[in-house]
Every structure is written in C-alpha cells, then in structure tokens.
Amino acid sequence: MPHIPEPREELIGHGPYGIEHLLAESREKLARVTPQEAFDLQRTGGLIIDIRPGSDRLTHGEIPGALTVERIVLEWRLDPAGSHRLDGLHPERPIVLVCNEGYASSLAAAQAQELGLTKATDLAGGFRAWKEAGLPTTASVA
C-alpha cells in the first residue's frame with residue numbers, strides 16, 4: 001500500500017480553497033430543509049434526487065419516489081439546457097438533493113443553483129436524518 005503523507009498543518013483549514021470554506025460558501029446559498037420539509041415538498045411536486053452511490057442505496061434503502069443520479073454525472077443531468085437533462089426540470093421546481101449525511105449534497109445543490117435551478121437545496125443530515133425521522137424508505141437488501 002502506498003504511503004500517503006499527512007497534510008501539512010499550515011495548509012489545513014486556511015485560505016479560500018479548503019473544503020470547509022467551500023462547504024460553508026455553498027451552504028450560504030441554500031435554504032436547507034429538514035426531513036419533514038423535504039417530504040412535504042415531495043408531496044407537493046418537489047423532486048428529491050438521491051446522489052448516494054448504489055452500494056449505499058442497496059445497504060441502507062432509498063426514499064420512495066426519489067430519482068437516483070450518481071454524483072459523477074449529476075451536473076449533466078441537472079443542466080436545464082443540456083441534452084442529458086432529467087425530464088421535468090425547470091428553474092422554479094423545488095429540488096432537494098440527498099446524500100448520506102448532507103455534505104456532498106450541499107456542494108451539489110450549490111452547483112445546481114449555478115446551473116439555473118434556483119429552488120435547488122439539500123437535505124440537512126442527508127438520508128440518515130430522513131431515516132432517523134421515521135419517514136418512508138424502501139427496505140435495504142443487506
């Protein structure tokens with residue numbers, strides 16, 4: 001196994017390029033939602049998009065009615081003007097992005113807003129928070 005050096009302390013958390021800075025900057029743009037708020041949005045026409053890897057969805061279950069889009073192709077699927085876009089996207093439709101714990105989805109939701117989806121946000125706490133709130137999920141395979 002290759003040796004991976006520890007990050008130098010003077011680079012951790014400093015400057016505008018650290019992940020904590022990027023995450024905070026992304027979240028400043030979002031009106032993040034609770035699991036119940038996401039559930040209510042879905043029931044009134046909002047779209048939930050699960051960006052977790054397939055292995056997580058198999059292991060822990062899914063949100064019924066949510067679309068699944070792997071993170072690696074997400075921007076292509078969310079581009080309202082793109083040829084690979086998801087059907088039914090428009091700038092005013094509420095979109096809630098969901099990852100496992102609510103970190104990757106914050107970054108993805110900010111990107112979605114930059115693509116013109118002005119109502120894009122993410123689920124605070126991710127799928128784990130949804131499940132802990134007792135909201136519907138599909139059964140896991142594992």
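The values are calculated or read from the model by the stated rules, or taken from the named source; none is laboratory data. Note that the coordinates shown come from a computational prediction; the quantities given were computed from them, not determined experimentally. Heads up, the Cβs are rebuilt from the backbone with ideal geometry, glycines too, and the neighbour counts pull from every protein chain shown. Just so you know, the surface numbers come from the protein's heavy atoms only, side chains and all, with ligands and any DNA or RNA stripped out. Shrake-Rupley method; radii C 1.70, N 1.55, O 1.52, S 1.80 Å.
Some values worked out for this structure:
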read-out: Unmet requirement for Ile72, which otherwise passes all of (1) of a type in the set (A, V, I, L, M); (2) buried (at least 17 other Cβ atoms within 10 Å of the Cβ); (3) within 16 Å of Asp50 (Cβ to Cβ); value: (2)
read-out: The lone exception for Ala139 - which of (1) exposed (fewer than 13 other Cβ atoms within 10 Å of the Cβ); (2) in contact with a Phe, Trp or Tyr (Cβ under 8 Å, 6 or more places away or on another chain); (3) touching a residue at least 40 places away in the same chain (Cβ under 8 Å) it fails; value: (2)
read-out: Every residue from the stretch 122-138 that is part of a loop (DSSP other than H, G, I, E, B) and farther than 10 Å from Gly102 by Cβ; value: Ala133, Gly134, Leu135, Pro136, Thr137, Thr138
read-out: Qualifying residue in the stretch 37-49 (condition: without any contact (Cβ under 8 Å) to a residue 40 or more places away in the chain and under 23 Å from Ile19 (Cα atoms)); value: no
read-out: Subset of the stretch 112-125 that is polar (S, T, N, Q) and either touching an Asp or Glu at 6+ places or on another chain (Cβ under 8 Å) or surrounded by 24 or more Cβ atoms within 10 Å (Cβ to Cβ) (or both) - its residue that is modelled with the highest pLDDT; value: Thr121
read-out: Test: residue in the stretch 77-94 that is of a type outside the set (S, T, N, Q), within 10 Å of the chain's Cα centre (by Cα) and open to solvent by less than 10 Å² (accessible area, probe 1.4 Å); value: no
read-out: Meets criteria (more than 16 Å from Ala31 (Cβ to Cβ) and either open to solvent by 50 Å² or more (accessible area, probe 1.4 Å) or touching a Pro at 6+ places or on another chain (Cβ under 7 Å) (or both)) for Ala104; value: no
